[in-house]
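Participant: I have a structure I would like to understand better, so I am pasting it below and will then ask my questions one at a time.
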Amino acid sequence: MLTIGTAGHIDHGKSSLVKALTSIDPDRLPEEKRRGMTIDLGFAWLQVAPGEMVSIVDVPGHEHFVRNVVPGLSGIDAALLVIAADDGWMPQTEEHVQILDLLGIKHGIVALTKVDLIDDPDWLALVEKDISERIANTSLHDAPIIRVSSKDGTGIKELKEAINQLVLKVTPRKDIGKPRLPVDRVFTMKGSGVVVTGTLINGSLSSGDDVIISPGNLPAHIRAIESHKQQIGKAQPGSRVALNVTGIKKDNIKRGDIVLAAGKQIKTSRIIDVEIRLIPQLERPLKSNTELLVYFETRELLGRIILFGTKAIQPAESAFAQLRFDQKVNTYIGEHFIIRRQSPTETIGGGVVLDPFAARHKLRDTDRAVHFLKRRKNLDLGELILTGLEKNRHIERDGLLAAICYSSAEIAERTEQLEGQGRLIATSYYVIDLGYWQEQTDKFLDILGKEHSLNPLRKGLSQAELQSHLALPKEAFNYLVTALTSAGKILREGDTIALSTHKLELSRGQGVLVTKIMELFDRSHSSPPTKKELAAQIQGSEAIVRFMCQQKMLVELAEGILFEQKHYQSVKDGIVKFLEKNGSIAIQDLHSLFGFSRKYTIPLLSHLDRERITRREGNVRVLAKKPG
């Protein structure tokens, strides 16, 4: 499906030529018919081969209506540049060609119209030579020139054949799964409701689809789709379509809005970073901080341009810059746009979006911003992925470069290649910048190292403690733990993580404290000291007690109750033996057997319950499992 846009000066016969080609009058407004001039966009279509339709967008030629020209040309695949043989190259011819060049329209045909008015063949040859020279350094440099007359039909057959050759030559638009319909018309139809029209790009839409109207993020539903007055179930990229939408009012949609598939590229911004290029014909430079009219697809916006590294740029020069808006903008990497001055009203240049979600740059960060944009200017997918990660550090796989004209499959394939080259880190759900990953890895290991130095008798840190110090999502953090464990740099025991080189070793003085603590337990089996009591009796015992628990020398119960490990095992064996013989055990039985007061019996029985040795039944305990 090919969409062609007309271009050219007023009264050069664009609309008449469209009608001669298609038998459709693109001038649809009463005022256009009354004044005999095109004011807004017109639409027609042409069948060039069985099953092959070409859409045609007709644009105004008057300089006062250039604001309607850009929306018409923004979604086309090729241009039909119309130049009258009697007038030749005119001011709006020049401006339209510059717009086509700035939008990157690389295919086209030049229709030399009104040849029926010219009897001198040398004049026609002279006009054609002038046209060839003027388009030589533009994107239409290889466009054929065809002499036509809408009045007597001269060259119409040849022009149709040239259009057919364009269909064969132009690469069809890809379906990358990110459908996008910039709205150029909104109206209501009796019995149907709201209808929006535009040229669909980047994906397909079907009847029954839920959609979002951006930048307002308003939900809507596609009831029906038409293309060239025919109802269709599914619209393909490159199609001129009319969508009958429900769930939204006409007053809530306008030209410049974008219809997107629900959940696809709905993020917007008020600041974008771009590369701009000025046209050579300008008479004065463009200064930084100038307010401009900016045209994205079918939308016109007032914005302010901030040039990077310079106060002004001259005609024909390029520069990196930032565009700032008061309104939200939905753009994508690689999108072309046009810039115009407000006074005097003139097209001065255009550019390409390199970062649709930029932030205000401080003066000291200008060099870094320029370096970032230089890496992006060629729109190489690998560089776009890497620069995106450098900026965002880590990105969910599904969100990686959502605002770009590459499919998710293409992005995933290139990401896998970069991972294989060791240039990024990819987990199941995230893609992470390599430099940031190394920074977080070093921080992870440094935190553990400091912890071991401060608390040499502590096994390590819990995963939650470690993650709280790192700026990584949980899934990426777990991936890091697994990677460091596999590399032999850390050890994981349950929820505790330590450096693999960390060893719990006591100093001579600490060894003396351990001996002293163990002597206290040996002397008081029926009333062993608690953590609180030990802390009061032996200064600095807290770390030693923690170490002894980790080494299974002591067993810690609730409320700070401590038992020497062998004594605890002896008590547990005695309780099990009693239960096997008597069936149940009460608190007073523990006092009779071991001399424990309630201070010890309650925490002890609760601990045995947690170990599933015992189970509470009323005021007694029974074995949790019957002896096998």
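The values are calculated or read from the model by the stated rules, or taken from the named source; none is laboratory data. Since this is a predicted model, take the numbers as computed values, not measurements. Methodologically, a virtual Cβ is constructed for each residue, glycine included, from the backbone with ideal geometry; neighbour enumeration extends over all protein chains shown. All accessible areas refer to the heavy atoms of the entire protein, side chains included, with ligands and DNA or RNA removed. Shrake-Rupley method; radii C 1.70, N 1.55, O 1.52, S 1.80 Å.
Participant: Tell me the label-point distance for the pair ALA536, ASN378, using the 7 Å Cα-to-Cβ offset, in nm and rounded to one decimal.
Facilitator: 7.6 nm
Participant: If you average the C-alpha positions of the range 66-99 and of the range 1-25 separately, how far apart do those two centres end up, in angstrom?
Facilitator: 11 Å
Participant: Report, ordered by chain and residue number, the lysines lying within cross-link reach of LYS377, taken as a straight Cα distance under 19 Å and ignoring same-chain residues fewer than 8 apart.
Facilitator: Within the straight-line cut-off, LYS377 pairs with LYS106, LYS391.
Participant: Hey, another quick one. Choose one of SER468, ALA498, HIS64: the residue whose Cα lies farthest towards the positive end of the charge dipole of the chain (beta-carbon charges +1 Lys, Arg; -1 Asp, Glu; about the Cα centre).
Facilitator: Ranked along the dipole, the leading option is ALA498.
Participant: With +1 assigned to the C-beta of every Lys and Arg and -1 to the C-beta of every Asp and Glu, and no other charges, what is the dipole magnitude of the range 92-234 about the Cα centre in debye, to the nearest 20?
Facilitator: Charge dipole of the range 92-234: 920 debye, to the nearest 20.
Participant: To continue, here is another question. Could you compute the FRET efficiency for LYS328 and LYS391, with r as their C-beta to C-beta distance and R0 at 22 Å, rounded to 0.05?
Facilitator: 0.65
Participant: Another question about this same structure. Taking R0 as 41 Å, what's the FRET efficiency between LEU506 and GLN588 from their Cβ-Cβ distance, rounded to 0.05?
Facilitator: 0.50
Participant: Given the peptides 415-426, 298-309, arrange them by the average over their residues of other C-beta atoms within 10 Å, most packed first.
Facilitator: Per-residue mean Cβ counts within 10 Å order the peptides as 298-309, 415-426.
Participant: Multiplying the sequence separation of CYS549 and ARG185 by 0.36 nm and subtracting their Cα-Cα distance, what value in nm do you get?
Facilitator: Net length gain for the segment: 123.5 nm.
Participant: Amide H of ILE348 versus every other amide H placed in the peptide plane: which residues, excluding those fewer than 5 positions away on the same chain, fall under 5 Å?
Facilitator: ILE339, ARG340, ARG341
Participant: Along the three principal axes, how long is the chain when you take its alpha carbons, biggest first, rounded to the nearest angstrom?
Facilitator: That works out to 128, 56, 39 Å along the principal axes.
Participant: Still on this model: Please figure out what share of the DSSP beta bridges in the chain is antiparallel and state it in percent, rounded to the nearest 5.
Facilitator: That works out to approximately 85 percent antiparallel.
Participant: Here is a follow-up. Full-extension gain between ALA412 and ASP152, please, as 0.36 nm times their residue separation minus the C-alpha to C-alpha distance.
Facilitator: Residue separation times 0.36 nm, minus the Cα-Cα distance, leaves 88.0 nm.
Participant: Sorted by average packing, counted as other Cβ atoms within 10 angstrom per residue and highest first, what order do 361-372, 82-93, 529-540 take?
Facilitator: Averaged packing, sorted descending, gives the order 82-93, 529-540, 361-372.
Participant: Please work out the Cα center distance from the range 458-511 to the range 219-283, rounded to the nearest Å.
Facilitator: Taking the Cα centre of the range 219-283 as reference, the centre of the range 458-511 is 51 Å away.
Participant: Extending each Cα 7 Å along its Cβ direction at ARG28 and PHE578, get the distance between those two points in nm, one decimal.
Facilitator: It is 9.3 nm.
Participant: Give me the net charge for the shell around LEU491: Cβ to Cβ below 11 angstrom, other residues only, Lys and Arg +1, Asp and Glu -1.
Facilitator: Local charge sum for LEU491: +3.
Participant: As an exercise, identify the trypsin sites (Lys or Arg not before Pro) in the range 224-295 lying in DSSP coil whose Cβ has no more than 12 other Cβ atoms within 10 Å.
Facilitator: LYS229, LYS249
Participant: Enumerate the lysines that LYS503 could reach by cross-link, defined here as Cα to Cα under 16 Å, with residues fewer than 8 away along the same chain left out.
Facilitator: Partners found: LYS450, LYS459, LYS489, LYS552.
Participant: Could you tell me what percent of the accessible area of the range 138-188 is made up of carbon and sulfur, with a 1.4 Å probe and every protein chain present?
Facilitator: 52 percent
Participant: Does a label point 7 Å from the Cα of LEU499, set along Cα-to-beta-carbon, have any residues of the range 450-479 with amide nitrogen under 12 Å, and which are they?
Facilitator: Taking a point 7 Å out along Cα→Cβ of LEU499, the residues of the range 450-479 whose backbone N falls under 12 Å are 450-456.
Participant: Right, here's the next one. Using alpha carbon centroids, what distance separates the range 536-609 and the range 364-390, in Å?
Facilitator: That distance is 64 Å.
Participant: Which one, THR113, PRO91, LEU102, is farthest towards the positive end of the dipole of the range 76-116 when Lys and Arg carry +1 and Asp and Glu -1 on their Cβ?
Facilitator: LEU102
Participant: How much FRET efficiency would the formula 1/(1 + (r/R0)^6) give for ASP130 and ALA471, where r is the Cβ-Cβ distance and R0 is 60 Å, rounded to 0.05?
Facilitator: After rounding to 0.05, the efficiency reads 0.45.
Participant: May I pose another question? Would you calculate, for the chain, the mean residue ellipticity at 222 nm contributed by helices, counting each DSSP H stretch of 4 or more residues as -39,500 (n - 2.57) and dividing by all residues, to the nearest 500?
Facilitator: Calculated mean residue ellipticity at 222 nm is -10500 deg cm²/dmol.
Participant: Next up: Note down the magnitude of the dipole of the chain about its Cα centre, charges +1 on Lys and Arg C-beta and -1 on Asp and Glu C-beta and zero elsewhere, to the nearest 20 debye.
Facilitator: 3160 debye
Participant: Per residue, how many Å² of accessible area does the chain show with a 1.4 Å probe?
Facilitator: Value returned for the chain: 48 Å² of accessible area per residue.
Participant: Also: For the range 486-628, what is the charge dipole size about the Cα centre, in debye to the nearest 20, if Lys and Arg each add +1 at the Cβ and Asp and Glu each add -1 at the Cβ?
Facilitator: Here the range 486-628 has a charge dipole of around 260 debye.
Participant: Testing the spin-label approximation: label points 7 Å from Cα along Cα→Cβ at ARG360 and ASP86. State their distance in nm.
Facilitator: 5.7 nm
Participant: Something else: List the lysines whose Cα sits under 21 Å from the Cα of LYS577, skipping any in the same chain fewer than 8 residues away.
Facilitator: LYS566, LYS625, LYS626
Participant: Say the dipole of the chain comes from +1 at the beta carbon of Lys and Arg and -1 at that of Asp and Glu; which of LEU243, ALA125, GLN327 then lies farthest toward its positive end?
Facilitator: In the chain, that residue is GLN327.
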